[in-house]
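Shown next, in structure tokens, is the structure this report addresses.
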Amino acid sequence: MELAHQDITYLPGVGPKRAELLKKELKVSTALDLLYVFPYKYIDRSKFYKIRDIQDEDTYVQIIGVIRSYQTVGIGKAQRVSAEFFDGEDTIELVWFKGVQYLRLECNVQYLLFGKPSHFNHQYNIVHPELERLDKVNLQTRQGLEAHYNTSGEMKSSWLNSKALRRIIQSIMPALRQGVPETLGSDLIDKFRFMSLTDSLINIHCPKDIPSMQKARERLKFEELFYIQLQILRQVKLREQNAGGLLMPYVGNTFNDFYFHHLPFSLTNAQKRVIREIQADLKSGKQMNRLLQGDVGSGKTLVALMCALLAKDNGFQTCIMAPTEILANQHYQTLTAMLQGVDVNVRLLTGSTTAAQRRNLHTALQDGTVNILVGTHALIEDNVLFANLGLVIIDEQHRFGVAQRAKLWAKNVCPPHVLVMTATPIPRTLAMTIYGDLSVSVIDELPPGRKPVQTLHYTTLRRPAVYDFLRKQIELGRQAYIVYPLIEENKKMDLADLQHGFDEVCLTFPQYRVSMVHGKMKASEKDRQMRLFASGETQILVATTVIEVGVNVPNASIMIVENAERFGLSQLHQLRGRVGRGAEQSYCILLTKVELSKDTRKRMDIMVATNDGFRIAEADLQLRGPGDLEGTQQSGLPFELKIASLATDGQLLEIARRAAQDILSDDPLLQRPEHFIYRNRLQKLKPVGVDWGEIS
Ligand code: ADP
Ligand code: MG
């Protein structure tokens, strides 16, 4: 029977209960599905160790020896067994805490031991080793690399651990050797000299040797990345064929009036280039889906504003959506200030807008008198209707989910143009994958006169010196942010920390006024505190990361990050971006505890070493892996990555992308017989989530 139709229930060692569990935990129901559960590591079982050669905690070892003695200590739950294992020359302690009552040990019988040493009381021991009587082991079949699999806690408690899973998967091997249908075309296989699918699946689970395992991994990784690219790029083609775009060919009076008479400074070359790119999209007759990347402070808001004016001159409304109320307020204020004396009607809609204000606003939106609507996600509520929405601008896009964005599209018969702006630079590999269907514009230049922020890392032991420095800066007329981490799981303690920090700052600097902002405050109070700081009435703002994105107070030149070890790189970079917005030299001071993990130290070093957002994003991807990157989960890949890694397989990804492009370039619908294989496979893979053709 074909493996694709073979129910796992009937595999040896499975049965209905375990099949249910496997379905739930690993989403597998056929033998073929199981073959796509890949090992996360291999252990070389051809190597035997002597006890005295152990010098590492994390490497598995295999030792032949005997148990010389053992004893049970403690009672009840605290019971454990300790044994002395002897390899003919040295001894090591073996320890069991769990399943003690099932343990059957025999003294002076040769065992094959397998386990991971740990360091305890200045010597090594091995906790919960596997022991097999040497006379029952066929060493011949044990040679080579042994695959190890990740299993969930629930699986382990039903004895479905890595070893059990390996046995089940091994039982499929004889059938697998008969062959499974190939999933890559023979031209690709020949061109890149890939291993066949059958051989790859065999060698990923039972590698003949290390090179075969590597070849298998390469082929399986390629395949994964290739189908993601094929899916995304095909959606682009389909959209290009189907979706018409609103036509906005004119550069009219409002735009020109603003540009020639109201713009307070000249645009940077990067801003000019990006506006031209967007303009070209707006008059192309195709729907724009553009990602605007620009490091913090590069002047994205102004670009947004000028695009909104273009839309207005062509008879369309624009909405600008921000992730927080603070930011929406700030945009609203910036825009109204800049547009003073220009014939444009800008309005604000947030969660704090009253019912009466809303009614009035809804009417003005529907009769077309509102040109630009700034707001939070309150904008996407169903009862917010536009007369003629033409352009949607999403700021700091990584905070918005795919589904939320899709709702905006529905607000006009013909989908509006979309510009997503982000200051979190997305590493190239990630952008190619997640935003493979977006056009990308980059503002790679800061407005003139900016001095790069100086970043310093201190431990809390140096707090007095940091406070001294802070005092001097404030005496020079500057303002400072002091930011505390706040995470939901640890909310109570984090808020207490923040309050404590606030009190300490007030006590240390009785001569200054201090504001405080955090996410749990009422919106009106948040707004009041922000205003006090923005207008310079308070000199210090103590806050949580609510100020992480977008906030713009040019006179603030110091950012102190408390517990900096608890922030990720992208977040730290965002926070740093709050200063360095005026002409003064700015400083970012990262305060951490004294003892730091290796990763944390690396993060701090990178922050101190560079201001380049792209380098930081790459480093973040390397350190944390893409799953943890803010926003990647909600943006989602069309298929889950099981073996390839966006952090480390960048090169393979580019090859896969080019291969997908080649195939689609003259057969976008995959209609040629030699491309059926790809179309069928895409159908089987069933992309998860929303249709990528309809959203950005
Ligand atoms: P971001 O890209 O982080 O959203 P903003 O749009 O908030 O950056 O701009 C940061 C600051 O730079 C604002 O005070 C803005 O007025 C100013 N700015 C924007 N463009 C220019 C420019 N071309 N020349 C001088 N200052 C500019
Ligand atoms: Mg911004």
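The values are calculated or read from the model by the stated rules, or taken from the named source; none is laboratory data. Keep in mind that what you see is a predicted model, and the values were worked out from it rather than measured. Every residue, glycine among them, receives a Cβ derived from its backbone with ideal geometry; neighbour counts consider all protein chains shown. Accessible surface areas use protein heavy atoms only, side chains included; no ligands, DNA or RNA. Shrake-Rupley method; radii C 1.70, N 1.55, O 1.52, S 1.80 Å.
Counting DSSP beta bridges with both partners in the chain, what percentage is antiparallel, nearest 5?
40 percent
Provide the FRET efficiency to the nearest 0.05 for the I655-Q178 pair, computing r from the beta carbons and using R0 = 35 Å.
With a Förster radius of 35 Å, E is 0.70.
What are the ³J(HN,Hα) couplings of the stretch 87-97, residue after residue, when phi is run through the Karplus curve with 6.51, -1.76, 1.60 and θ = phi - 60°? Round to Hz, x for glycine and proline.
Ordered by residue, 3J(HN,Hα) equals 9, x, 10, 10, 10, 9, 7, 10, 9, 10, 9 Hz.
How much of the accessible area of the stretch 94-224, in percent, comes from carbon and sulfur atoms when a 1.4 Å probe is used?
49 percent
Heavy-atom accessible area per residue, the chain, 1.4 Å probe: how many Å²?
In whole numbers, the chain has 47 Å² accessible per residue.
Between D209 and S152, with labels modelled 7 Å along Cα→Cβ, what's the label distance in nm to one decimal, could you check?
4.0 nm
Show me, for the stretch 267-274, the HN-Hα J-couplings you get by feeding each phi into the Karplus relation (A = 6.51, B = -1.76, C = 1.60, θ = phi - 60°), rounded to Hz, glycine and proline as x.
Taking θ as phi minus 60°, the curve returns 5, 6, 4, 5, 4, 4, 4, 5 Hz for the stretch 267-274.
Sequence-distant or interchain residues sharing an amide H contact under 5 Å with K208, placed H: which?
The list, which skips near neighbours in sequence, is M213.
In degrees, nearest 10, range 0 to 90: what is the angle between the Cα axis of helix 613-624 and the longest Cα principal axis of the chain?
Once rounded, one gets 30 degrees.
Counting other C-beta atoms within 10 Å, and keeping those with at most 12, which DSSP coil GluC sites (Glu not before Pro) do you find in the stretch 24-104?
Filter output for the stretch 24-104: E57, E89.
Tell me, what is the percent relative contact order of the chain, built from C-alpha pairs under 8 Å that lie six or more residues apart?
13 percent
For the chain, with the dipole built from +1 on Lys and Arg beta-carbon atoms and -1 on Asp and Glu ones, taken about the Cα centre, which of G297, C414, L385 lies farthest toward the positive end?
Checking the options against the dipole of the chain, the answer is L385.
Quick one: which residues, 5 or more positions from L486 or on another chain, have an amide H under 5 Å from its amide H? H modelled 1.01 Å from N in the peptide plane, none for Pro or chain starts.
It is T545, by chain and number.
Got a number for carbon plus sulfur as a percent of the stretch 539-588's accessible area, 1.4 Å probe?
40 percent
Would you mind checking the tilt of helix 300-313 against the longest principal axis of the Cα atoms of the chain, expressed as 0 to 90 degrees and rounded to 10?
Taking Cα atoms only, the helix is inclined about 60 degrees.
Could you sort out which of K27/K642; K77/K98; K98/K156; K116/K221; K77/K156; K47/K208 sit more than 18 Å apart by Cα distance in this structure?
Beyond 18 Å between Cα atoms: K116/K221; K77/K156.
Within the stretch 255-325, report the trypsin sites (Lys or Arg not before Pro) that DSSP leaves as loop and that have at most 10 other Cβ atoms within 10 Å.
none
Go through the stretch 15-87 and name the trypsin sites (Lys or Arg not before Pro) that are in a DSSP coil and have 16 or fewer other Cβ atoms within 10 Å of their Cβ.
K27, K47, K50
Relative to the longest principal Cα axis of the chain, at what angle does helix 491-508 sit, 0 to 90 degrees, rounded to 10?
50 degrees
Near the amide H of D44, under 5 Å away, which other amide H atoms are found, from residues 5 or more places off or on another chain, if H is placed in the peptide plane?
E146
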